[in-house]
Amino acid sequence: MASSAAASPASGEPPILPALLLLRTSDASLAAALRQRFRVLDSFASGQPIPAFLAAAAAATDPPRAAVVVAGGVVRVDAAFLDAVPSLRCVVNTGTGVDHVDLHECARRGVAVANSGTVYSVDVADHAVGMLIDLLRRVSAAERFVRRGLWPVQGDYPLGSKLGGKRVGIIGLGSIGSLIAKRLQAFGCVIYYNSRRPKDSVSYKYFPNVLDLASESDVLIVACALNKETRHIINKDVLESLGKDGIIINIGRGANIDEPELIKALKEGRIAGAGLDVFENEPKVPAELQSMNNVVLTPHIAVFTWESKSDMCDNTIANLQAFFSGKPLLTPVLP
Amino acid sequence: MASSAAVATVSAELPSLLLIRRLDPPFAAALRQRFRVLDFFASGEPLPAFLAAAASSPDPPRAAVIVGGGVVRVDAAFLDSVPSLRCIVGTGTGVDHLDLAECARRGVVVANAGAVYSVDVADHAVGLLIDVLRRVSAAERFVRRRLWPVHGDYPLGTKLGGKRVGIIGLGNIGSLIAKRLEAFGCIVYYNSRRPKDLVSYKYFPNVKDLASESDVLVVACALNKETRHVVNKDVLEALGKDGIIINIGRGANVDEVELIRALKEGRIAGAGLDVFENEPKVPAELLTMENVVLTPHIAVLTSESRSDLRDNTIGNLEAFFAGKPLLTPVLPM
């Protein structure tokens, strides 16, 4: 393996590959792409408990200056982690959400952070729209009806509801939220939004607070990052404001929604339905949701197309190469 | 029911209307307010007896509201049995149950549901396509079977953007589908009897060529002699193993037996079907496939379009009885 040649290079010998901490599972293509360019210290391959693995990496002759991480993975990138591997100067997250990264701590220490940028945005937007159509038009529920052989027995299926004219309130009008808005306009939906500040370049109606957005919307779509301000941004009051014909779509983070309150509201018919790709305790999906016919539940797949997997790999490598050649990261994240 | 007493006093003034369709209560009430309704399904009689009774009543019906889907064919025999009929209003878009040439020959005007359903059908077609490409319903099953914690991540889907979508039939529905898919970054191609001057999508004069250059084929055409099995073995072959079929036309637009074989053998990648050759029977082999999405002919079923259908039907009938042109006439091709 290349690591054995990581002594001082003489001419004709293979170049020294920079050490890289890999703190996530990787498919064959990501692993191969990384190994071609870096001396990969793979936490999963090492079989060691994380503290021992990090200690060994930090104590190596050429300790890693960069790490590849993922949300919901084996480490939180916080002070303790950064203390354990003080050689780290760059963290590349292979997802968009960085709620597992203490951005302020990284900034304090001059550790640059990159995420997947807009690699996933289109696929997440497409999935959000797919879930909305599914809910309004009962696609998955009707599918279950057919597969259980009920069509010949029970006849016609209950009516769905038209997309056109629905007022859709998007929470977070970043790259994903904007792509959702563009798609839904093609269906004749009316777009409203909330974000930290109004966006000058858009013509959609801005609502400074989510409660007001909810009271004027038929659908709420959570498309924002998870942070202190947005934890449980969908709470009991917002659900109340949305009302009994309202629908929630969540392609952000499970914790953007007060899940027990959502379930209660669904059970009591205080909102009409929900499309959820994310949950507070993945991969556990509350049993009460699993028996409801007016919800669409997908296992955090909004990012999962083979095209975006390949784009993520390219984006990860490009950020690492930029870092190691002293250039700015391509998709940096600031606190 | 109170209405029978009320109807007895006003019915002499209301024009007779033959009704061969089950209606929801608001629709039934709206018709009864305006017409003396001769309701086949309520009569419980066999069709020939019912038609004979209608034809021999003092005020035989000049108009009929007739459902599609194989309950009755409006052909020469039907029109002979109720010669008073001068107007047929279909409650769907498809008029494959009406012999348009025979109606035209007899001067019987025909209306259908016009564009009442077009948007909802287009939305449903797009929903089916996203579902097939992104495995939404299949992933749903995975979650509901409690497999997520056990089996970890779900197989990858594929992106919509950049997919070449070949639309067979660029009428109201096909055009609305095209507009929606453009917002997702799809590339739209189409086939229809003649190219459409005002669209910029690439036109293919035959479906097989369309299939060979498309990633997805969407059937959005009427069912008639030319389009029966328009998606056949050769077209499926031309579409290829990564190809997907979406059918929101009629089951008989697709050779269902060949489609099933192609799916089983992996010669195409998946299908989203809202219509089938023998509804409500869905072939058992489809029910166990993970790469198909099956819905029970619901593309038209929204509460908004139900109410639009009622307005459209009544609008056409009132126009006819007032001697005006129909709102949504259908002419033979």
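The values are calculated or read from the model by the stated rules, or taken from the named source; none is laboratory data. Quick caveat: nothing in here was measured; it's all calculated off a predicted structure. FYI the Cβ positions are ideal-geometry reconstructions off the backbone, even for glycines, and counts take in every protein chain you see.
Which residues, counting only those in the range B:150-196, are basic (K, R) and buried (at least 22 other Cβ atoms within 10 Å of the Cβ)? B:R180 - this is the single residue of the range B:150-196 that is basic (K, R) and buried (at least 22 other Cβ atoms within 10 Å of the Cβ). For A:I171, the conditions (1) over 19 Å from A:I133 (Cα atoms); (2) in contact (Cβ under 8 Å) with a residue 40 or more places away in the chain; (3) not charged (D, E, K, R) all hold with the exception of (1).
When only residues in the range B:281-304 that are in contact (Cβ under 8 Å) with a residue 40 or more places away in the chain and more than 7 Å from every other protein chain (Cβ to nearest Cβ) count, which is surrounded by the fewest Cβ atoms within 10 Å (Cβ to Cβ)? Ranking the candidates gives B:E290 first. Residues in the range B:122-170 that are touching an Asp or Glu at 6+ places or on another chain (Cβ under 6 Å) and more than 7 Å from chain A (Cβ to nearest Cβ) were compared, and the one that is farthest from A:F304 (Cα to Cα) is B:R164.
Considered as a group, the residues in the range A:268-277 that are within 12 Å of chain B (Cβ to nearest Cβ) and either surrounded by fewer than 20 Cβ atoms within 10 Å (Cβ to Cβ) or not acidic (D, E) (or both) include one that is nearest to A:D134 (Cα to Cα), and that residue is A:G275. Could you tell me whether B:I260 is touching a Pro at 6+ places or on another chain (Cβ under 7 Å) and in contact (Cβ under 8 Å) with a residue 24 or more places away in the chain? It is true that B:I260 is touching a Pro at 6+ places or on another chain (Cβ under 7 Å) and in contact (Cβ under 8 Å) with a residue 24 or more places away in the chain. Within the option set A:S116, A:S140, A:S161, being polar (S, T, N, Q) and either more than 21 Å from B:I248 (Cα to Cα) or without any contact (Cβ under 8 Å) to a residue 24 or more places away in the chain (or both) holds for one residue only, A:S116.
In the range A:97-114, how many residues are surrounded by 23 or more Cβ atoms within 10 Å (Cβ to Cβ) and outside any loop (DSSP other than H, G, I, E, B)? The total comes to 4. Of all the residues in the range A:302-335, those that are away from every other protein chain (no Cβ under 13 Å), of a type in the set (D, E, K, R) and assigned to a helix (DSSP H, G or I) number 1.
Of the numbered conditions (1) within 13 Å of chain A (Cβ to nearest Cβ); (2) free of Cβ contacts under 8 Å to residues at least 60 places away in the same chain; (3) in contact with a strand residue (DSSP E or B) (Cβ under 9 Å, 6 or more places away or on another chain), B:N278 fails exactly one; give the number of that condition. Against the list (1) within 13 Å of chain A (Cβ to nearest Cβ); (2) free of Cβ contacts under 8 Å to residues at least 60 places away in the same chain; (3) in contact with a strand residue (DSSP E or B) (Cβ under 9 Å, 6 or more places away or on another chain), B:N278 comes up short only on (3). Hey, does the range B:267-283 have a residue that's among the hydrophobic types (A, V, I, L, M, F, W, C) and in a helix (DSSP H, G or I)? No, the range B:267-283 has no match at all. Against the numbered list (1) in contact with a Lys or Arg (Cβ under 8 Å, 6 or more places away or on another chain); (2) more than 14 Å from chain B (Cβ to nearest Cβ); (3) farther than 19 Å from A:S121 by Cα, A:C189 comes up short only at (2).
Just one residue in the set B:A262, B:A220, B:A211, B:A238 is surrounded by 17 or more Cβ atoms within 10 Å (Cβ to Cβ) and closer than 21 Å to B:G68 by Cβ; that residue is B:A220.
Cβ-Cβ distances below 9 Å connect the following pairs, each with a first residue in the range A:281-294 that is more than 9 Å from chain B (Cβ to nearest Cβ), a second residue that is at pLDDT 95 or above and loosely packed, with under 14 Cβ neighbours inside 10 Å, and a separation of six or more residues or different chains: A:P286/A:P260; A:E288/A:K267; A:M292/A:K267.
Scanning the range A:161-181 for residues that are part of a strand (DSSP E or B) and among the charged types (D, E, K, R) returns a single hit, A:R167. When A:G117 is tested against the conditions (1) in a strand (DSSP E or B); (2) in contact with a helix residue (DSSP H, G or I) (Cβ under 8 Å, 6 or more places away or on another chain); (3) not β-branched (V, I, T), the lone failure is (1). Only one of the listed residues (B:V116, B:V126) is at pLDDT below 95, buried (at least 16 other Cβ atoms within 10 Å of the Cβ) and either farther than 30 Å from A:G188 by Cβ or within 24 Å of the chain's Cα centre (by Cα) (or both). That residue is B:V116.
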